[in-house]
Amino acid sequence: SQGYLQTIYEYQSMIAELYGMDLSNASMYDGPTSLAEAAIMATGLKKRQKVAVSEAVHPHAREVISTYCWALGIEVVVLPTDDGQTKDFSLAEGAACILVQQPNFFGLIEDLSAQRAACDAQGAMMIVSADPTSCALLPPPGEAGADIVTGEGQPLGIPMGFGGPMLGLFCCKREYVRSIPGRIVGRTTDHDGRPGFTMTLRTREQDIRREKATSNICTNEALMALASTVYLASVGKNGLKSVAESTVRNAQYAIQKLTEAGATLKFSGKVFGEFVLELPRRADEVVARLLDTGILAGLPLGSYYPGMENCLLVAVTELRTKAEIENFASQLAKVLDFQSGDEPWRG
């Protein structure tokens with residue numbers, strides 16, 4: 001099992017460095033459950049039964065957090081946003097932790113220094129759910145003083161297959177190592193002095209007494225962690241930075257072309273690879289219309305945020321070409337020019 005253990009060790013080293021943290025575990029199921037486990041870990045460390053999560057954290061992740069916390073009797077409060085960003089932390093009083101996403105669900109770059117100041121004022125732990133690719137360009141959460149950093153590792157060389165597979169990233173400060181969920185692989189030497197790797201910490205309820213366990217996670221995503229390790233080793237620091245820079249360039253070009261086509265930017269903050277457009281029509285209708293042209297335009301936000309029925313969340317990665325972006329803009333302009341009396345909307 002030495003090759004398997006070394007792979008996990010290398011994975012842990014890379015993820016910890018990427019996030020600017022002291023250590024990483026051997027991986028979790030996915031990003032949302034990793035964030036929920038972080039919240040539960042914080043309540044145990046702080047001996048508080050309340051967590052505060054930003055409204056700009058992915059709605060699905062917030063649902064997972066609520067489900068986990070409901071089962072343990074932990075109160076969850078949602079912090080409001082202002083112009084798409086988390087600025088008001090007053091509801092976090094008495095919370096064990098404050099959770100934000102970086103960049104957030106709307107694609108905006110959050111002010112992590114404000115989150116750190118709020119955590120210090122409330123005596124809470126700072127938890128950040130961070131896009132790993134963005135950390136190749138943006139300051140990693142560890143530099144802002146994050147106590148726990150989680151994330152979704154799917155962008156690290158793992159193809160999407162109808163929604164999966166996924167990979168949960170989980171890092172923390174060294175002082176919290178014995179409270180971390182899951183497993184940790186360490187480097188050691190055998191009795192002849194030869195280097196080797198071994199399972200160093202395994203505080204799951206499958207391995208130790210249940211009342212002493214930090215989590216009931218029954219495995220990790222080792223195959224996906226292996227894939228992300230190969231990806232990171234292949235592209236290297238410069239390659240990952242190039243991916244991040246290409247994402248930003250493509251996103252900015254898409255913003256330019258799509259706003260010229262008749263959309264407007266909903267929020268004023270800086271973005272990485274995602275952004276919210278406000279349309280003169282319902283976003284779900286526009287998405288349906290564009291689907292007929294072979295374009296998956298984005299995510300309509302009306303079902304997640306009341307009052308945002310005309311808002312569309314668009315994601316752009318390094319894989320998109322200028323020609324694809326220009327075609328998207330051209331087709332969007334045609335859809336937005338639709339007049340009553342023309343052919344009916346799809347569906």
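The values are calculated or read from the model by the stated rules, or taken from the named source; none is laboratory data. None of the values given here were measured: they were computed from a predicted structure. Methodologically, a virtual Cβ is constructed for each residue, glycine included, from the backbone with ideal geometry; neighbour enumeration extends over all protein chains shown. Surface areas here come from the heavy atoms of the whole protein model, side chains and all, with no ligands, DNA or RNA. Shrake-Rupley method; radii C 1.70, N 1.55, O 1.52, S 1.80 Å.
In region 71-105, of all residues being open to solvent by 60 Å² or more (accessible area, probe 1.4 Å) and farther than 20 Å from A124 by Cα, the one that is modelled with the lowest pLDDT corresponds to A71.
Looking across region 215-234 at every residue that is at pLDDT below 90 and open to solvent by less than 30 Å² (accessible area, probe 1.4 Å), the one that is nearest to N25 (Cα to Cα) is identified as N220. Total residues in region 300-313 satisfying the condition of being surrounded by fewer than 19 Cβ atoms within 10 Å (Cβ to Cβ) and not acidic (D, E): the figure is 7. Does at least one position in region 338-347 carry a residue that is touching a helix residue (DSSP H, G or I) at 6+ places or on another chain (Cβ under 9 Å) and either at pLDDT 95 or above or among the aliphatic types (A, V, I, L, M) (or both)? No; the residues of region 338-347 include none that is touching a helix residue (DSSP H, G or I) at 6+ places or on another chain (Cβ under 9 Å) and either at pLDDT 95 or above or among the aliphatic types (A, V, I, L, M) (or both). Residues in region 99-143 that are in a loop (DSSP other than H, G, I, E, B) and in contact with a strand residue (DSSP E or B) (Cβ under 9 Å, 6 or more places away or on another chain): 13 in all.
Kindly indicate whether any position in region 330-338 is in a helix (DSSP H, G or I) and among the β-branched types (V, I, T). So far as region 330-338 goes, yes, one or more of its residues are in a helix (DSSP H, G or I) and among the β-branched types (V, I, T). Among the residues of region 107-133, those identified as farther than 21 Å from A36 by Cβ and either surrounded by 20 or more Cβ atoms within 10 Å (Cβ to Cβ) or of a type in the set (D, E, K, R) (or both) are G107, L108, D111, R116, D120, T133. Looking at region 2-19, is at least one residue open to solvent by 20 Å² or more (accessible area, probe 1.4 Å) and touching an Asp or Glu at 6+ places or on another chain (Cβ under 9 Å)? No. Being among the basic types (K, R), open to solvent by 60 Å² or more (accessible area, probe 1.4 Å) and either in a loop (DSSP other than H, G, I, E, B) or under 14 Å from T33 (Cα atoms) (or both) is a condition met by at least one residue of region 172-195. Inspection of region 110-127 finds no residue satisfying the criterion of being in contact with an Asp or Glu (Cβ under 9 Å, 6 or more places away or on another chain) and hydroxyl-bearing (S, T, Y). Here is the figure for region 58-98: residues that are assigned to a loop (DSSP other than H, G, I, E, B) and over 21 Å from K46 (Cα atoms) total 6.
Close Cβ contacts (under 7 Å, 6 or more residues apart or on different chains) running from residues in region 52-75 that are within 14 Å of A96 (Cα to Cα) and of a type in the set (D, E) to residues that are open to solvent by 60 Å² or more (accessible area, probe 1.4 Å) and modelled with pLDDT of 95 or more comprise E75/Q49. Residue count for region 271-292 satisfying the condition of being part of a helix (DSSP H, G or I) and open to solvent by 10 Å² or more (accessible area, probe 1.4 Å): 6. Annotation: of all residues in region 31-48 being surrounded by fewer than 24 Cβ atoms within 10 Å (Cβ to Cβ) and not hydroxyl-bearing (S, T, Y), the one that is farthest from V76 (Cα to Cα) is L45.
So that you can scan it fast, the table gives a plain yes or no per residue for (1) under 22 Å from L108 (Cβ atoms); (2) in contact with a helix residue (DSSP H, G or I) (Cβ under 9 Å, 6 or more places away or on another chain); (3) at pLDDT below 95; (4) of a type outside the set (F, W, Y):
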{"site": "Y253", "(1), (2), (3), (4)": "yes, yes, no, no"}
{"site": "A263", "(1), (2), (3), (4)": "yes, yes, no, yes"}
{"site": "R281", "(1), (2), (3), (4)": "no, yes, yes, yes"}
{"site": "G298", "(1), (2), (3), (4)": "yes, yes, no, yes"}
{"site": "Y304", "(1), (2), (3), (4)": "yes, yes, no, no"}
{"site": "E326", "(1), (2), (3), (4)": "no, yes, no, yes"}
